[in-house]
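Accompanying notes for the structure given below.
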Amino acid sequence: MVDKQQVKDILDSIRPMLQADGGDITLISVSDDGIVEVELEGACKGCPMSALTLANSVEALLREHVSEEITVVQFESEPE
């Protein structure tokens, strides 16, 4: 089981880096099997590099500090 508070703490630690580029990240959910759903906001939303940001930064940090079993997926909101 993945500790949701640990996930929040890691996201809070990288938030300033994203905010410096005009973006942000919001935790949507953490499942018992390690699926972490996040929403990228601001300049990060729709950025062509967002997949790399999630895989190389967010997921890597979470796997290193929380659990090797974590997979980060991007929240897809319904079109308005």
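The values are calculated or read from the model by the stated rules, or taken from the named source; none is laboratory data. Since the model is a prediction, treat every value here as computed from it, not as a measurement. Cβ placement follows ideal geometry from the backbone for every residue including glycine, while neighbour counts extend to all protein chains displayed. Surface accessibility is based on the protein's heavy atoms, side chains included, excluding ligands, DNA and RNA. Shrake-Rupley method; radii C 1.70, N 1.55, O 1.52, S 1.80 Å.
How much area per residue is accessible in the chain when the probe is 1.4 Å and only protein heavy atoms are counted (Å²)?
Solvent-accessible surface per residue comes out at 62 Å².
Would you work out if region 24-80 is rounded, prolate or oblate? Take a ≥ b ≥ c from the square roots of the eigenvalues of the alpha-carbon gyration tensor; rounded if a/c is under 1.5, else prolate when a/b is larger than b/c, oblate otherwise.
oblate
May I ask you to compute the full-extension gain from E41 to I28, defined as 0.36 nm times their residue separation minus their alpha-carbon distance, rounded to one decimal in nm?
3.5 nm
So who's got an amide H within less than 5 Å of the one on T71, skipping anything under 5 residues away but keeping other chains? H placed 1.01 Å off N, in plane.
I35, V36
Quantify, in whole percent, the carbon and sulfur part of the accessible surface of region 1-76 (1.4 Å probe; protein heavy atoms only).
Whole-percent figure for carbon plus sulfur exposure: 50.
What figure, in Å² to the nearest 10, do you get for the accessible area of D33 with a 1.4 Å probe and non-protein molecules left out?
Spelled out: D33, probe radius 1.4 Å, area about 110 Å².
Where Lys and Arg each count +1 and Asp and Glu each count -1, what net charge lies around E59 among other residues with Cβ under 14 Å from its Cβ?
Once positives and negatives cancel, what remains is -3.
Taking 22 Å as R0, compute the FRET efficiency from the Cβ-Cβ separation of A51 and K8 and round it to 0.05.
0.50
Per DSSP helix of 4 or more residues, -39500 (n - 2.57); summed, then divided by the residues of the chain. What does that give at 222 nm, rounded to the nearest 500?
Estimated from H runs of four or more residues: -9000 deg cm²/dmol.
Quick one: which residues, 5 or more positions from V2 or on another chain, have an amide H under 5 Å from its amide H? H modelled 1.01 Å from N in the peptide plane, none for Pro or chain starts.
Placed amide hydrogens put G34 under 5 Å from V2.
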